[in-house]
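> Just passing along the structure, written as structure tokens.
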Amino acid sequence: MHKQSKINKKAWEYRAYEFWHKRDGSPEEKARLLLENPLAALKKHKGLFEHVQGKKIANLCGSNGRKAVPLALLGAEVTVFDISEENKKYALELAASANITLEYIVTDIYDIDLKEYGGYFDILYLEGGILHYFGDLDKFMSILYALLHNGGQLVLSDFHPLGRCISSHGEVNYFDTEIKNGDVAYKGAFDIDEQKDFPDVSIRLYTLSDIINSVVASGFRLQRFDEHRGWNNENIPWEFTILADK
């Protein structure tokens, strides 16, 4: 396992299952909401997944299954690749509660078995802000490219690098290339006196050109690039979505 990935695995296996219960409720409760309208759970990307019956979809860094389960409910064959056993536990309980099946593989993304999964998938779906966990972006993109069959599609949504700088009021250096320690995403959901026990994650920030150029250099054909406002409709480019095909 990659050194950076070992650090992030330790962080994402510390009380993550407990956090998902805090945020989303029990798997049974979350499943009831997803069953009401699985397409709506895909939010700004729902228009991209209206016709996925029978499609093979890889949800990389798929976390607690909040996107994988709706995709499976829509008829897709979904495989989640994620580094956390705690995330897997919640996701499989969520899938069982929704009466669907997920393949959930706990692995370093760098270590995905390309002999088994090379050229296997119709669609790759990555969302929620995950690129900063990978210090070798070109290697990461080359793995994504290898996972898709010819004609397959990449849907990559992540935090907008410029939005991160704006919201930090200049504390984040847009052109920073160092790998640094940081807080795991859900640390703030716990009491202050508990937060000191949380392991750090290891992150590396990228510029928008870093990301787009890496997608193109890996062999993908860029189809579309969209920028999205902040979660409360703030006038900040808070997320982006790249659509590309192989």
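The values are calculated or read from the model by the stated rules, or taken from the named source; none is laboratory data. What you see is a predicted model, and the numbers here were worked out from it, not measured in a lab. Using ideal geometry, Cβ is built from the backbone for each residue, glycine included, and neighbour counts are taken over all protein chains shown. Side chains included, ligands, DNA and RNA excluded: accessible areas come from the protein's heavy atoms. Shrake-Rupley method; radii C 1.70, N 1.55, O 1.52, S 1.80 Å.
> All but one of (1) more than 30 Å from Asp136 (Cβ to Cβ); (2) in contact with a Leu (Cβ under 7 Å, 6 or more places away or on another chain) hold for Leu92; which doesn't?
In the conditions (1) more than 30 Å from Asp136 (Cβ to Cβ); (2) in contact with a Leu (Cβ under 7 Å, 6 or more places away or on another chain), Leu92 misses (1) alone.
> Okay, next question. For the stretch 131-246, list the strands (runs of 3 or more DSSP E) that sit wholly inside it and hold at least 2 residues that are over 27 Å from Gly118 (Cα atoms); which are they?
The qualifying strands (runs of 3 or more DSSP E) are 179-182, 201-204, 221-228.
> Next question. When both residues are 6+ apart or on different chains and their Cβ atoms are under 7 Å apart, which pairs have a first residue that lies in the stretch 132-146 and is among the hydroxyl-bearing types (Ser, Thr, Tyr), and a second that is open to solvent by 20 Å² or more (accessible area, probe 1.4 Å)?
Taking only residues 6 or more apart or on different chains, the pairs are Tyr133/Ile203; Ser142/Ser218; Tyr145/Ser218; Tyr145/Gly219; Tyr145/Lys246.
> So which residues in the stretch 194-227 are of a type in the set (D, E, K, R) and open to solvent by 80 Å² or more (accessible area, probe 1.4 Å), if there are any at all?
Result: Lys196, Asp197, Arg221, Arg224, Glu227.
> Which condition number in (1) in contact (Cβ under 8 Å) with a residue 60 or more places away in the chain; (2) over 21 Å from Asp197 (Cα atoms); (3) in contact with a Ser or Thr (Cβ under 9 Å, 6 or more places away or on another chain) is the one that Ala16 fails?
Against the list (1) in contact (Cβ under 8 Å) with a residue 60 or more places away in the chain; (2) over 21 Å from Asp197 (Cα atoms); (3) in contact with a Ser or Thr (Cβ under 9 Å, 6 or more places away or on another chain), Ala16 comes up short only on (2).
> Scanning for something over 21 Å from Ser63 (Cβ atoms), at pLDDT 95 or above, over 16 Å from the mean Cα position of the chain (by Cα) and open to solvent by less than 30 Å² (accessible area, probe 1.4 Å), does the stretch 168-188 turn up at least one residue?
So far as the stretch 168-188 goes, no, none of its residues is over 21 Å from Ser63 (Cβ atoms), at pLDDT 95 or above, over 16 Å from the mean Cα position of the chain (by Cα) and open to solvent by less than 30 Å² (accessible area, probe 1.4 Å).
> Looking at (1) closer than 26 Å to Tyr17 by Cβ; (2) out of contact with any His (no Cβ under 6 Å at 6 or more places or on another chain); (3) buried (at least 16 other Cβ atoms within 10 Å of the Cβ), which is the only condition Asp191 fails?
Tallying (1) closer than 26 Å to Tyr17 by Cβ; (2) out of contact with any His (no Cβ under 6 Å at 6 or more places or on another chain); (3) buried (at least 16 other Cβ atoms within 10 Å of the Cβ), Asp191 fails exactly one: (3).
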